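Below is one structure, written out as structure tokens; comments come after it.
The values are calculated or read from the model by the stated rules, or taken from the named source; none is laboratory data. Model, not experiment: these values are computed from the prediction. Using ideal geometry, Cβ is built from the backbone for each residue, glycine included, and neighbour counts are taken over all protein chains shown. SASA here: full protein model, heavy atoms, side chains in, ligands and nucleic acids out. Shrake-Rupley method; radii C 1.70, N 1.55, O 1.52, S 1.80 Å.
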Amino acid sequence: MRRRRLWLVVLAGVAVSLLVTSCFQSSPDYINTSKTRNIHMIVKMGRGDYWNTVKLGAEAAAREFNVKLTFKAPDSESDINEQIGMVEDSIKQKADVIILAASSYMGLAQVVDRAAYSRIPVISLDAEVGSAKVKSYIGSNGYKAGQRSAERLIQLLDGYGEIGIINFTNTALNGETAATGVIDYGARDADEREKGFLNYVARYPDVHVVQISYTSSSTAEAEELTRLMLLKHPDLRGIVTLNETASQGAGKVIQSLGTNRIKMVAFDSSPSMLEMLQDGTVQATVIQNPFSNGYLAVKHAVEIVEGIKVPERVDTGTKLIDLENMLWPENQKLLFPFVK
């Protein structure tokens, strides 16, 4: 264990030097940094490695572009009402721009429209929101990420067997549903990842999704859902998890089994998940680029204030990381996004 952690620290040190030189350059000449902008960033949850890394990227851009950054998040991804209240407070505080990672695609739509009515631009970060008033979306393509997860899991299973999905939802519809169940009132990124996964699996008649379970923002809940899934389906050969919380919970359960019978493809790159990759609990994980998401959201928010046209969509991409490619230098920068 000590050797593994030392290995992670060494890699982190290499990544620091790579990332610091690549991210902190002088501000573009077309952006006026003499004026302080008041930008609010509201994300789904105030804890977890993913959101902490988004915050790191946002803070790096805030320093570079002279931004007063207000970072807000509810304690739970399922607390949609609190997130709505945070957007309303940002409207009252006359933020220059609101950056929003919406916990619910439709649940946050009306308050985003109200922000636009108050002439406050809104950038959608990580998860889209059902409003035509959004200026730009910055994040990964959830559908492609789901397909990438399915492709690897099917390879690991040699194209046959029963599989289960641990997804996340931010509504009251937690627990399990049928494999064909659809959540319409949750986070769009959860829906898109699941849809991409199921559509890819549909090509393989010998692969069967026997259960989909939904967790909110609790690792303990994800653990319990995984245990129940394994009890209900003793012939299960594979599990895919579609966010950081689900991955950590399911990974703990599979790790406790002490066997490689269950193949798992995870999502995101928390330190515990990287250790599970090394010990063989998890065979692969799909990672996003949270540092770039936070950085670019603040940069484009400043450009909007300056009257500069920003792209409607910025796809920051995903990568599938396994034991073979996690040592590659370009992947180290994604896995260890630390700054001085």
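Things to note:
- Residue tally, condition in contact (Cβ under 8 Å) with a residue 40 or more places away in the chain, in a loop (DSSP other than H, G, I, E, B) and over 15 Å from the mean Cα position of the chain (by Cα), over the range 323-340: 7
- In the range 277-301, the residues that are open to solvent by less than 10 Å² (accessible area, probe 1.4 Å) and free of Cβ contacts under 8 Å to residues at least 40 places away in the same chain: 282, 285
- Tallying residues that are touching a residue at least 60 places away in the same chain (Cβ under 8 Å) and farther than 10 Å from residue 41 by Cα within the range 91-124 yields 8.
- The one condition in (1) out of contact with any strand residue (DSSP E or B) (no Cβ under 8 Å at 6 or more places or on another chain); (2) open to solvent by 70 Å² or more (accessible area, probe 1.4 Å) that residue 315 fails to fulfil: (1)
- Residues satisfying the stated conditions in the range 300-322, i.e. within 16 Å of the chain's Cα centre (by Cα) and assigned to a helix (DSSP H, G or I): none
This table checks each residue for (1) among the polar types (S, T, N, Q); (2) assigned to a helix (DSSP H, G or I); (3) touching a Leu at 6+ places or on another chain (Cβ under 6 Å); (4) under 26 Å from residue 157 (Cα atoms).
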site	(1), (2), (3), (4)
264	no, no, no, yes
269	yes, no, yes, yes
274	no, yes, no, yes
278	yes, yes, no, yes
294	no, yes, no, no
298	no, yes, no, no
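- Test result for residue 147, in the same structural domain as residue 239 (by TED's automatic domain parsing) and either without any contact (Cβ under 8 Å) to a residue 12 or more places away in the chain or farther than 21 Å from residue 309 by Cα (or both): yes
- Per-region count, the range 132-187, residues among the β-branched types (Val, Ile, Thr), modelled with pLDDT of 95 or more and surrounded by fewer than 24 Cβ atoms within 10 Å (Cβ to Cβ): 2
- Comparison of 321, 304 shows that the only residue that is open to solvent by 10 Å² or more (accessible area, probe 1.4 Å) and either of a type in the set (Ser, Thr, Tyr) or not assigned by TED's automatic domain parsing to the domain that holds residue 255 (or both) is 304.
- Pairing residues of the range 240-261 that are more than 22 Å from residue 77 (Cα to Cα) with residues that are among the polar types (S, T, N, Q) and open to solvent by less than 10 Å² (accessible area, probe 1.4 Å), at Cβ distances under 9 Å and at least 6 apart in sequence or on separate chains, gives 253/226; 254/226.
- Within the range 114-131, the residues that satisfy the criterion of being open to solvent by less than 30 Å² (accessible area, probe 1.4 Å) and more than 13 Å from residue 94 (Cβ to Cβ) are 122, 123, 124, 125, 126, 127, 129, 130, 131.
- Of all residues in the range 189-213, those satisfying the criterion of being open to solvent by less than 20 Å² (accessible area, probe 1.4 Å), over 24 Å from residue 317 (Cα atoms) and not β-branched (Val, Ile, Thr) are 211, 213.
- Screening the candidates 229, 264 for the property of being touching a residue at least 24 places away in the same chain (Cβ under 8 Å), farther than 15 Å from residue 169 by Cα, surrounded by fewer than 24 Cβ atoms within 10 Å (Cβ to Cβ) and touching a strand residue (DSSP E or B) at 6+ places or on another chain (Cβ under 8 Å) yields one hit, 229.
- Hits in the range 125-137 (condition: touching a residue at least 24 places away in the same chain (Cβ under 8 Å) and under 15 Å from residue 84 (Cβ atoms)): 127, 129, 130
- Here residue 259 clears all of (1) over 13 Å from the mean Cα position of the chain (by Cα); (2) open to solvent by 10 Å² or more (accessible area, probe 1.4 Å); (3) at pLDDT 90 or above except the condition numbered (3).
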